1. Show me, for the range 91-104, the HN-Hα J-couplings you get by feeding each phi into the Karplus relation (A = 6.51, B = -1.76, C = 1.60, θ = phi - 60°), rounded to Hz, glycine and proline as x.
2. Two-decimal Rg/Rh of the range 6-60 from alpha-carbon positions, Kirkwood Rh?
3. How much length is gained on full extension from residue 147 to residue 162, taking 0.36 nm per residue of separation minus their Cα-Cα distance?
4. Calculate the spin-label point distance for residue 170 paired with residue 133, positioning each point 7 Å from the Cα along the beta-carbon direction, and give it in nanometres.
5. As a test of the formula, what do you get for the chain when each DSSP H run with n ≥ 4 contributes -39,500 (n - 2.57) and the sum is divided by the residue count, at 222 nm and rounded to the nearest 500 deg cm²/dmol?
6. Expressed in nm to one decimal, what extension gain is obtained for the pair residue 30 and residue 100 from 0.36 nm per residue of sequence separation less their Cα-Cα distance?
7. So which trypsin sites (Lys or Arg not before Pro) in the range 94-189 pass both tests, a DSSP loop state and at most 12 other Cβ atoms within 10 Å of the Cβ?
8. Cα-Cα pairs above 21 Å in the range 62-183: how many percent?
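Computed from the coordinates by the stated procedures, all read-outs in this text should not be read as laboratory data. Remember, predicted model here, so these are calculated numbers, not experimental data. Cβ atoms come from the backbone with ideal geometry, glycine included; neighbour counts cover every protein chain shown.
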Amino acid sequence: MNPDDPRAQRTRASLRAAVLDLAAERDLSAITVSAVAKRAGLNRATFYLHYPDVDALAADAMEEAVAHVARAAALCPLDAPRDRVPGPLADLFTHLDENAELYACMLGTQGSPRFSARLRERLTGELEARFAAGSRPGGFADVPPGLHAAYLAGALTGVIAHWVTGPRDTPPSDVALAFWRLFRPTDKH
């Protein structure tokens, strides 16, 4: 099977849409290959031509979300004041709020370990690239850039997971500001 074939692309798109629809209705762990195939109007054999399991499909379906989060993180000006959330971070938490059910499904206890790992890996890569290009917060010269990037990616993923899976009684702007203050704990005087 050629993944660039338009029929294969349409099939994969149908499967991704089906798993996202089902994920809005039930825990990811309760979604079966049969249910996805049925929702997509395909058979199980066709599913297995494209994905080994539902978790791999879910991770692929969420790749656009991973890219969105990574882009927003990479666009944040690291020198913004501690008391003012950078625009890309505010936009990110607004996006998360608007798509909270989907992110909760993927990052919750019944979610996709592949999605969580992919999100952390992508964030780490984006941040590490920024650090290598000279955009790194000051005061961390004694910490290897890769380790610093992984720490921040894990922190952001953890904050997102905590917020979207909890009661979400804190507005997105307040969560973004709290994360920014954690990211920039003190201003140098």
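1. Result, rounded to whole Hz: 4, 4, 5, 5, 4, 4, 5, 5, 10, 4, 4, 5, 5, 5.
2. Reported Rg/Rh (Cα atoms, Kirkwood Rh): 0.92.
3. 3.2 nm
4. Label-label distance for residue 133 and residue 170, simple model: 2.9 nm.
5. -21000 deg cm²/dmol
6. Taking 0.36 nm per residue and subtracting the Cα distance, the gain is 23.3 nm.
7. Working: sites: 114, 118, 120, 122, 130, 168, 181, 188; in loops: 168, 188.
Sites meeting the loop and neighbour criteria: 188.
8. 34
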